[in-house]
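Worksheet: the structure to be examined is printed underneath.
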Amino acid sequence: MKKSALLLVAPALGLGMVALSTAPAMAAHAEGSYSAMLDELNNSGATGEAWIDVEGASATVTINASGLAAEFDGAPYPHVQHIHIAAQGSCPSEAADTNGDGIISTTEGAPFYGDIGTTLSVGEADKTPAGGLDLAAAPSGDTITYEETFDLDQATQDSLADGSAVVVVHGLDPATQPEAGTSPSDLVPELPLAATSPALCGVLEVAPAGGVDTDVTTVAAAGTEGSALGAVALGGTLALMTAAGVYVVRRRVVRDN
Amino acid sequence: MIEHNKGRRLRLTAGAAALVVALTALTACSAGSGEQPPTAAPAASTAPAAEAPAAETPTPSAAPASEPLVLEASAPVSVQIPSIGLDASLIHTGIREDGALEVPPGEEGSPGSWWDGSPTPGERGASVLLGQVNSTTDDSGVFYDLPRLVEGDEVRVTREDGSVAVFEVYSMETFAKDSFPTRAVYYPVADAELRLITCHKGEDSSSPYPNNYVVFARLVGSA
């Protein structure tokens with residue numbers, strides 16, 4: 001197989017924007033699980049799902065996709081895939097095709113999903129944005145079954161936590177694309193535009209944590225908002241007292257620091 | 001790209017709305033009746049080829065053999081489960097600040113809910129419906145009878161666009177709340193599926209409902 005390792009010019013923007021986004025209650029860390037339905041872009045005909053379990057900085061990333069372009073130059077088609085970060089946390093619509101050539105390029109999609117935060121490469125290959133276009137380290141063929149465990153950088157963790165992390169899988173079959181598909185890529189002029197343009201996109205949403213309090217007893221014990229439970233006022237009061245106690249303890253800890 | 005049945009619109013709305021009021025009919029439990037049936041521990045999905053559910057109302061459209069059956073997005077309005085006589089309206093709930101799912105209210109006669117972070121019922125992925133097992137005044141909440149469901153039972157979800165997504169139960173499981181398998185329940189499955197979640201009693205007497213009861217169903221048609 002032809003191996004073309006290409007360096008990505010890592011866009012330097014990204015980071016500053018994280019600070020601007022609204023901080024969620026769980027702020028700094030991204031502990032938990034995230035899921036995304038991956039929907040086709042550019043009429044790729046592909047479909048897929050992503051699931052990420054985060055423990056500390058360690059993430060286990062699962063990507064399953066099918067219906068992708070199968071071959072490129074007689075070899076299994078490499079599909080670079082990334083977690084894009086720190087923009088709107090959305091996938092581009094057809095309106096994103098600002099130059100009107102019929103293809104949403106990676107650049108045209110960037111205002112929606114942002115720059116690369118993490119490269120979902122295979123094995124020990126570079127997981128940073130710098131490894132973003134390493135075709136040799138990308139999963140290949142029409143079906144992706146990917147599961148890797150590695151550490152996430154802070155920027156990607158921040159985007160997961162604030163809802164702006166987006167999985168994007170690249171690589172379209174030029175034969176299925178408008179004429180512009182064979183013109184030089186916006187990222188790598190040696191490749192056709194179709195080869196680097198996005199084929200699948202999905203916003204990573206946090207999965208619910210733990211069990212579900214679908215009984216009145218535990219709802220009261222948890223002291224949650226949203227459920228007006230007049231009949232269990234005692235439980236609610238106890239929960240409030242507990243919450244207040246925790247608050248005092250927290251203040252002490254802060255002061256001791 | 002995706003198969004859907006936009007053209008089919010049912011005049012079910014009035015009936016569905018009226019039936020919601022009838023929820024209190026479920027309040028038939030005495031102190032001793034809190035026992036739930038034992039839980040089947042199903043091995044994954046070996047459901048028989050979906051036989052067309054008995055059609056009182058319009059026959060669900062057959063799924064095309066090649067394309068997976070999927071409906072356009074449309075928020076759920078109510079859920080009907082004929083085998084246990086359940087008909088409940090659905091509100092929309094989100095995620096609490098502690099990361100757990102927000103649940104519908106606990107008063108007697110309260111509706112169930114759809115977690116609005118999940119796909120709408122009939123869309124690709126795992127759509128999540130929640131219901132209280134009990135209420136503030138007695139043992140039976142809107143999803144009290146969920147453990148009576150068996151494989152093959154039909155679950156119908158009426159949606160805002162007037163269509164009804166018809167699901168078939170393929171698995172029922174009990175999970176301890178403190179070791180809830182997030183991935184198994186919420187994984188964004190490739191087909192259109194449904195999860196019905198309530199609470200469940202357990203051996204542990206320190207907590208009346210230490211478990212969650214989860215019913216897994218998949219889309220088999222629409223009406």
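With Cα atoms defining each centre, the range B:160-210 and the range A:126-198 are spaced 34 Å apart in the structure.
Sorting B:Phe167, A:Phe112 on the 10 Å Cβ count, fewest up front, what's the list? Don't skip to the end; give the middle numbers.
Details: B:Phe167 28, A:Phe112 20.
Arranged by neighbour count, lowest to highest, B:Phe167, A:Phe112 become A:Phe112, B:Phe167.
Cβ crowding within 10 Å ranks A:Ile85, B:Ile84 as B:Ile84, A:Ile85, fewest other Cβ atoms first.
Note on the range B:72-222: Cα convex hull, mean projected area over all directions, 8.6 nm². Per-residue Cβ neighbour counts within 10 Å put B:Tyr187, A:Tyr113 in the sequence B:Tyr187, A:Tyr113, beginning with the fewest.
Rounded to whole Å, give me the distance from the Cα center of the range A:64-102 to that of the range B:68-128. Each part's Cα centre sits 32 Å from the other's.
What is the mean projected area of the alpha carbon convex hull for the range A:15-206, to one decimal in square nanometres?
Details: hull surface 38.8 nm².
Averaged projected hull area, Cα only: 9.7 nm².
Peptide A:51-61 shows a mean partner chain C-beta count of 1 within 10 Å per residue C-beta. Per the Debye formula with a single identical scatterer at each Cα and no solvent contribution, what log10 I(q)/I(0) holds for the range B:80-160 at q = 0.11, 0.14, 0.20 Å⁻¹? Debye intensities relative to I(0), on a log10 scale: -0.30, -0.49, -0.98. Scanning residues 5 or more positions from B:Ser171 or on other chains, those with amide H under 5 Å from its amide H are B:Phe216, with H placed 1.01 Å from N in the peptide plane.
Please state the equivalent ellipsoid semi-axes for the range A:107-147: what are the square roots of 5 times the Cα gyration tensor eigenvalues, largest first, in whole Å? If you can, show how the numbers build up before the last one.
Numbers: eigenvalues 77, 36, 16 Å².
Rounded to whole Å, the semi-axes are 20, 13, 9.
Each value in this text was obtained by applying a stated rule to the coordinates, not by laboratory testing. Small disclaimer: the values here were computed from a predicted structure and weren't measured. Counting neighbours? That spans all protein chains shown, and the Cβs are built from the backbone with ideal geometry, glycine included.
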